[in-house]
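A.B. asks: Quick one: this structure, given as structure tokens, is what I'll be asking you about.
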Amino acid sequence: MADVVVVGGGIIGLTAARRLQQRGADVTIWTAHDVRDTVSSVAAAVWYPTHTDDDPRVRRWAASAYREFMRQADAGVPGVMVRHTRMVLRSPLAALPWWARSIGDAVLAGGELRFSAPLVEMDTYLAWLLSQLVDGGATVVRRRPVSLAAASAAAPIVVNATGLAARELCGDTAVYPVRGHIVLADNPGLVESVRDEDNPAGLTYVHPRGDDVVLGGTFEEGLSSVAPDPVEAAAIVRRCGAVVPELSGVRVRGSRIGLRPARRGGPRVEAEGQVIHAYGHGGAGVTLSWGCADDVASWGDHLA
Ligand SMILES: Cc1cc2nc3c(=O)[nH]c(=O)nc-3n(C[C@H](O)[C@H](O)[C@H](O)COP(=O)(O)OP(=O)(O)OC[C@H]3O[C@@H](n4cnc5c(N)ncnc54)[C@H](O)[C@@H]3O)c2cc1C
């Protein structure tokens with residue numbers, strides 16, 4: 001019998017599993033989806049605490065994940081890079097926003113907030129994370145959606161990292177979807193990220209990776225359709241091109257649409273009996289991941 005079953009193979013489940021493993025636990029991961037079909041694989045995956053509150057836990061998780069991704073970028077972990085970012089300020093800020101205070105080089109200048117931030121190419125990164133887990137002795141099992149009771153029968157400690165599915169799995173009606181749409185295009189040579197959160201035409205962001213660039217986006221609370229929307233995709237490309245003219249005429253590779261697992265009151269990261277809940281990270285699951293994983297691992301020590 002494993003020490004811990006982690007239900008969920010997205011960024012929250014995999015980072016939690018890795019931290020538990022690093023503390024000596026024998027971990028099994030149960031996932032209903034291939035990692036490439038999780039919401040995590042859709043993420044633009046820039047470190048940025050989208051729609052989070054200035055809550056001490058969020059601040060701590062975000063700062064910790066920032067440090068970890070910066071360390072991983074430095075160590076050459078596949079898929080992790082650092083981008084200088086220009087955030088357009090539609091109204092002036094008197095001081096750095098709360099989340100930027102943990103970033104060493106964040107400055108307000110020329111009507112912009114400028115800072116360095118990790119950016120993650122998720123398909124590459126999730127595959128690397130899985131390989132680290134498997135090399136460390138973890139078992140990953142692809143299975144039909146399971147109940148927490150079934151997981152509890154298989155290990156003394158269970159981590160519930162099921163994202164949006166937690167709404168049904170543990171009856172948490174505070175969990176709701178926020179639809180997000182990004183477009184991938186050829187990178188015309190960009191190396192700097194640009195965000196224009198309050199663009200009157202709609203949320204706009206440009207995140208160059210290697211040979212492609214992520215163009216975003218949408219943040220649609222309560223919408224749960226992931227059907228393709230070519231009109232919306234064209235509008236995203238237009239908005240991004242207006243902010244970054246180098247994008248004019250770039251070849252579009254396709255769209256990715258996913259449902260962010262949001263939760264009123266913020267992420268739930270706490271133990272209930274022998275179950276450690278870790279879900280509801282909304283638009284900031286990557287940004288908070290390694291910080292939350294440390295908390296999950298501490299709960300694991302406490303329950304063992
Ligand atoms: C368009 C878009 C852009 C985004 N951009 C960013 C960004 O730039 N930065 C950022 O930080 N975040 C971003 N996000 C948000 C981020 O993707 C999410 O917060 C994160 O992926 C949530 O991860 P998760 O592991 O909780 O959920 P998921 O990735 O959804 O994983 C849930 C896992 O649980 C499994 N599961 C569910 N129910 C069961 C069950 N009953 N039995 C077994 N397994 C089950 C699933 O199979 C899956 O493996 C973005 C999201 C979208 C859609």
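A.B. asks: Which residue is farthest from Arg268 (Cα to Cα), if the candidates are limited to the range 142-167 and must be among the β-branched types (Val, Ile, Thr) and within 9 Å of the ligand (Cβ to nearest atom)?
C.D. replies: Only one residue tops the list, namely Val146.
A.B. asks: What residue, of Asp55, Asp74, is of a type outside the set (A, V, I, L, M) and open to solvent by 70 Å² or more (accessible area, probe 1.4 Å)?
C.D. replies: Asp74
A.B. asks: Right, something else. Step by step: first the residues of the range 77-90, then only those that are crowded, with 20+ Cβ neighbours inside 10 Å and of a type in the set (Val, Ile, Thr), then the one that is farthest from Ser289 (Cα to Cα). Which residue is that?
C.D. replies: Thr85
A.B. asks: Just the residues that are surrounded by fewer than 19 Cβ atoms within 10 Å (Cβ to Cβ), within 13 Å of the ligand (Cβ to nearest atom) and not in a strand (DSSP E or B), please, taken from the range 180-222.
C.D. replies: Glu197, Thr218
A.B. asks: Now, a different point. Got a sec? Which of Thr124, Thr162 is in contact with a strand residue (DSSP E or B) (Cβ under 7 Å, 6 or more places away or on another chain), of a type in the set (S, T, N, Q) and either under 14 Å from Thr31 (Cβ atoms) or in contact (Cβ under 8 Å) with a residue 12 or more places away in the chain (or both)?
C.D. replies: Among Thr124, Thr162, only Thr162 is in contact with a strand residue (DSSP E or B) (Cβ under 7 Å, 6 or more places away or on another chain), of a type in the set (S, T, N, Q) and either under 14 Å from Thr31 (Cβ atoms) or in contact (Cβ under 8 Å) with a residue 12 or more places away in the chain (or both).
A.B. asks: Cβ-Cβ under 7 Å, sequence separation 6+ or interchain: first residue in the range 237-262 and small (Gly, Ala, Ser), partner more than 16 Å from the ligand (Cβ to nearest atom) and open to solvent by 40 Å² or more (accessible area, probe 1.4 Å). Which pairs?
C.D. replies: Gly241/Ser248
A.B. asks: If you don't mind, another one. Under 6 Å between Cβ atoms, which residue pairs at least 6 apart in sequence (or on different chains) link something in the range 1-16 that is more than 19 Å from Ser64 (Cβ to Cβ) and open to solvent by 10 Å² or more (accessible area, probe 1.4 Å) with a partner that is more than 9 Å from the ligand (Cβ to nearest atom) and among the charged types (D, E, K, R)?
C.D. replies: Going by the 6 Å Cβ cut-off, the qualifying pairs are Ala2/Asp26; Asp3/Asp26.
Let's see how each residue does on (1) assigned to a loop (DSSP other than H, G, I, E, B); (2) touching a Cys at 6+ places or on another chain (Cβ under 7 Å); (3) at pLDDT 95 or above; (4) among the aromatic types (Phe, Trp, Tyr):
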position: Tyr66; (1), (2), (3), (4): no, no, yes, yes
position: Pro78; (1), (2), (3), (4): yes, no, yes, no
position: Val82; (1), (2), (3), (4): no, no, yes, no
position: Asp105; (1), (2), (3), (4): yes, no, yes, no
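A.B. asks: Given the residues Ala166, Ala174, which is the only one that is under 23 Å from Ser40 (Cβ atoms) and loosely packed, with under 15 Cβ neighbours inside 10 Å?
C.D. replies: Of the residues listed, the single one that is under 23 Å from Ser40 (Cβ atoms) and loosely packed, with under 15 Cβ neighbours inside 10 Å is Ala174.
A.B. asks: Please find, within the range 129-156, the residue that is nearest to Gly285 (Cα to Cα) out of those that are within 20 Å of the chain's Cα centre (by Cα) and surrounded by 15 or more Cβ atoms within 10 Å (Cβ to Cβ).
C.D. replies: It comes out as Leu129.
A.B. asks: In this structure, does Tyr48 turn out to be within 15 Å of the ligand (Cβ to nearest atom) and either outside any loop (DSSP other than H, G, I, E, B) or open to solvent by 60 Å² or more (accessible area, probe 1.4 Å) (or both)?
C.D. replies: Judged against the criteria, Tyr48 is not a match.
A.B. asks: Taking the options Ser225, Ser298, name whichever one is away from the ligand (no atom under 11 Å from the Cβ), hydroxyl-bearing (Ser, Thr, Tyr) and part of a helix (DSSP H, G or I).
C.D. replies: Ser298
A.B. asks: So, one more: Can you say whether Ser40 is within 7 Å of the ligand (Cβ to nearest atom), open to solvent by 10 Å² or more (accessible area, probe 1.4 Å), of a type in the set (S, T, N, Q) and closer than 26 Å to Ser102 by Cα, as far as the supplied structure shows?
C.D. replies: Yes.
A.B. asks: Considering the range 274-295 alone, what residues qualify as being assigned to a helix (DSSP H, G or I) and either closer than 25 Å to Gly171 by Cβ or more than 7 Å from the ligand (Cβ to nearest atom) (or both)?
C.D. replies: Within the range 274-295, Gly282, Gly283, Ala284, Gly285, Leu288, Ser289, Trp290, Gly291, Cys292, Ala293, Asp294, Asp295 meet the criteria.
A.B. asks: Does Leu259 count as more than 15 Å from Arg83 (Cβ to Cβ), touching a Phe, Trp or Tyr at 6+ places or on another chain (Cβ under 7 Å) and buried (at least 16 other Cβ atoms within 10 Å of the Cβ)?
C.D. replies: Criteria not met by Leu259.
The values are calculated or read from the model by the stated rules, or taken from the named source; none is laboratory data. Nothing here was measured: the structure is a model prediction, and the numbers come from that model. Methodologically, a virtual Cβ is constructed for each residue, glycine included, from the backbone with ideal geometry; neighbour enumeration extends over all protein chains shown. Note: accessible area is taken over every heavy atom of the protein model, side chains too, but ligands, DNA and RNA are not part of it. Shrake-Rupley method; radii C 1.70, N 1.55, O 1.52, S 1.80 Å.
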